[in-house]
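Working notes for the structure below.
Derivation of every value follows stated rules applied to the coordinates shown; laboratory data play no part. The model shown is predicted, which means the values in this text are computed figures rather than measured ones. Cβ: placed from backbone, ideal geometry, glycine included. Neighbour counts: every protein chain shown.
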Amino acid sequence: MYILLDWFFTLLHLLIIGFNLFGWIWPSARKAHLIVVTLTLSCWLILGIWYGLGYCPITDWQWQIKERLGEVNLPNSFIKYYADMISGQDISSSFIDTVTGISFTLAVIITIYVNFIKRKRKKVN
């Protein structure tokens, strides 16, 4: 059961990360993208007040499953965990956090543009 839950959370993580980065591309998904990006940022910043900056409840739940499966020394970041696993290296947490922050910031800027600025310009023309 725990292995199935671990796979579920991995898939959920990958879908959310992919959607956070690229959901703005499809006009029909732009409102949903704005909502998901806002929820992600809220977890990172608002829940981060209590649990630490960058807190993700999905990572927390998945790490509880992984601990029950016997994994130890899990990093704070799902992205670091999988970057290390894929590369076979111990990639710097600060590097992963920087790349994550820059990528997410660009996605936020783009979603603000396509949801508010670009749409407002279309209405004016």
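Structural remarks
- Long-range neighbours under 6 Å by Cβ, at least six apart or interchain, first residue in contact (Cβ under 8 Å) with a residue 60 or more places away in the chain within segment 65-88, second surrounded by 15 or more Cβ atoms within 10 Å (Cβ to Cβ) and among the polar types (S, T, N, Q): 78/59; 79/100
- Segment 65-93, subset of a type in the set (A, V, I, L, M, F, W, C) and within 23 Å of residue 4 (Cβ to Cβ), residue surrounded by the fewest Cβ atoms within 10 Å (Cβ to Cβ): 72
- Condition check for residue 45: surrounded by 12 or more Cβ atoms within 10 Å (Cβ to Cβ) and closer than 30 Å to residue 28 by Cα: yes
- Test result for residue 19, closer than 19 Å to residue 75 by Cα and assigned to a helix (DSSP H, G or I): no
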